[in-house]
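Have a look at the structure below, then the notes.
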Amino acid sequence: MERKNYYLVDIVKLICAVLVVAIHTGPFLSVNETLNYFVVQILGRIAVPFFFVASAFLFFRKLDYVAGLKSKENLRMLRKYILRLLRVYVIWTIIYLIPLVFEWMQGGIDGSTIPRFIRNFLFTGSYYHLWFLPAMMFSTCLVYALLMKFKTTRVIEVGLVLYIIGMLVNVYGSVLLKIPLLGDGINFYLKIFETTRNGLFFGMIYTTIGFYIATSRFALSKSDLLKRTLVCFVLLFIEGFFIKGIQLDTPRTSMYLTLLPFMFYFFLYVISFDLKFSERYITFRACSTLIYFSHILFKLILDILPFNYNSLVYFIIVLVLAVDFAYIVYTLSKKSKFAILRYLI
């Protein structure tokens, strides 16, 4: 793929960060439940897959494929990338230890508390919205390792099978649990790993899509990409409301089958634009990360305060606080005496 700027990716990432805030605050619950479902469970579920595809795309496009994935330089870049994600994960985990310990004290600390925390840290996220980081680390390493041994098509096939398995448990799990033996197997898995929304079942296919887009050429015009994106979005809309119609939707329902073609064409459409440089895009890039990681802190603070909020007001307050925090931290991080703040991004 030709070298160019992908600043529209930064804009969409910022929008996706706002959608993640919406997922966790339910902005339209006080207005209209159906509208809230559309925003949270349809639009909102685009956000994290976009983060996966964008992160994988931006990483894999930097590698030297002439030298091969086994080359020392490519492996060095992989190690550097994973260590950066791990550093961010550890720092935000430390920050969220404060509310986490408070929750432990409220629920009672016992012998399973620390083992459960270690399990969560490794597989489901030390705090619930941080799951993206261990999932991204795992899926990147897994896809990289598989690509060293297998063709891209085979890796895509494996990712699709894993995603479909994860989707069946995530969306239709309540039905599958009633099936003898199969239900026992699913229940056993969930007791250990809690969810299929992780780097194996969820993250791998989106990471593979990011790699595939980064290393391939596509002869599709902007108009063709837009048309296909819109068709896939309509299918996503239908699937989402079908699941709601048969009453299988839960707050954790997120693995829609139609998200896969939608994300493929949507990301291709986004990177088809070559915007002129502006410092604001760099700001958007940093702020989207900070909004994603910090907004739960402000949500927790509001939840402690003795006020009853309209859902839209609640969403706006959390979002404004997170945006202000992100902008202040990013602005300060550019100054040498506050350089330590860069580790939050």
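The values are calculated or read from the model by the stated rules, or taken from the named source; none is laboratory data. Since this is a predicted model, take the numbers as computed values, not measurements. In this analysis, Cβ positions are derived from the backbone assuming ideal geometry, glycine residues included, and neighbour counts consider all displayed protein chains.
Only a single item in (1) out of contact with any Pro (no Cβ under 8 Å at 6 or more places or on another chain); (2) surrounded by 16 or more Cβ atoms within 10 Å (Cβ to Cβ); (3) not small (Gly, Ala, Ser) is not met by Cys232, and it is number (1). For the stretch 152-169, the criterion of a residue being without any contact (Cβ under 8 Å) to a residue 60 or more places away in the chain, out of contact with any Gly (no Cβ under 6 Å at 6 or more places or on another chain), farther than 17 Å from Phe264 by Cα and of a type in the set (D, E, K, R) is satisfied by at least one position.
Quick check on the stretch 20-42. Is at least one of its residues within 30 Å of Phe150 (Cα to Cα) and in contact with a Phe, Trp or Tyr (Cβ under 6 Å, 6 or more places away or on another chain)?
Looking only at the stretch 20-42, we keep the residues that are within 30 Å of Phe150 (Cα to Cα), and these are none.
No, the conditions are met nowhere in the stretch 20-42.
Determine if the stretch 303-310 includes at least one residue that is in contact (Cβ under 8 Å) with a residue 40 or more places away in the chain, part of a helix (DSSP H, G or I) and out of contact with any Cys (no Cβ under 7 Å at 6 or more places or on another chain). The answer is no, given that none of the residues of the stretch 303-310 is in contact (Cβ under 8 Å) with a residue 40 or more places away in the chain, part of a helix (DSSP H, G or I) and out of contact with any Cys (no Cβ under 7 Å at 6 or more places or on another chain). Scanning the stretch 1-42 for residues that are under 24 Å from Leu302 (Cα atoms), touching a residue at least 60 places away in the same chain (Cβ under 8 Å) and among the polar types (S, T, N, Q) turns up Thr25, Ser30, Asn36, Gln41. Across the stretch 294-310, the qualifying residues are those that are farther than 20 Å from Tyr96 by Cα and surrounded by fewer than 16 Cβ atoms within 10 Å (Cβ to Cβ), and the one among them that is modelled with the highest pLDDT is Asn310.
Pairs are defined by a Cβ separation below 7 Å, a sequence spacing of at least 6 or placement on different chains, a first member in the stretch 313-338 that is closer than 15 Å to His295 by Cβ, and a second member that is surrounded by 18 or more Cβ atoms within 10 Å (Cβ to Cβ) and hydroxyl-bearing (Ser, Thr, Tyr); the pairs so defined are Tyr314/Thr25; Phe315/Thr25; Val318/Thr25; Ala322/Ser294; Phe325/Ser294; Ala326/Ser294. Of the residues making up the stretch 137-151, not a single one is at pLDDT below 95 and either at negative phi or not basic (Lys, Arg) (or both). Does Leu8 count as at pLDDT 95 or above, hydrophobic (A, V, I, L, M, F, W, C), more than 25 Å from Val171 (Cα to Cα) and crowded, with 18+ Cβ neighbours inside 10 Å? Considered against the rule, which asks whether it is at pLDDT 95 or above, hydrophobic (A, V, I, L, M, F, W, C), more than 25 Å from Val171 (Cα to Cα) and crowded, with 18+ Cβ neighbours inside 10 Å, Leu8 comes out as no. Pairing each residue of the stretch 126-150 that is closer than 16 Å to Phe193 by Cα and without any contact (Cβ under 8 Å) to a residue 40 or more places away in the chain with any residue that is of a type outside the set (A, V, I, L, M, F, W, C) and part of a helix (DSSP H, G or I), provided the two are 6+ apart or on different chains, yields C-beta distances under 7 Å for Ser126/Thr93; Ser126/Tyr96; Ser126/Asn120. Scanning the stretch 232-251 for residues that are touching a helix residue (DSSP H, G or I) at 6+ places or on another chain (Cβ under 7 Å) and either at pLDDT below 95 or farther than 20 Å from Phe52 by Cα (or both) yields a count of 6.
Scanning the stretch 250-282 for residues being in a loop (DSSP other than H, G, I, E, B) and either of a type in the set (Ser, Thr, Tyr) or more than 19 Å from the chain's Cα centre (by Cα) (or both) gives a total of 12. Between Leu275, Leu225, Leu220, the distinction of being touching a helix residue (DSSP H, G or I) at 6+ places or on another chain (Cβ under 8 Å), surrounded by 14 or more Cβ atoms within 10 Å (Cβ to Cβ) and in contact (Cβ under 8 Å) with a residue 60 or more places away in the chain belongs to Leu275 only.
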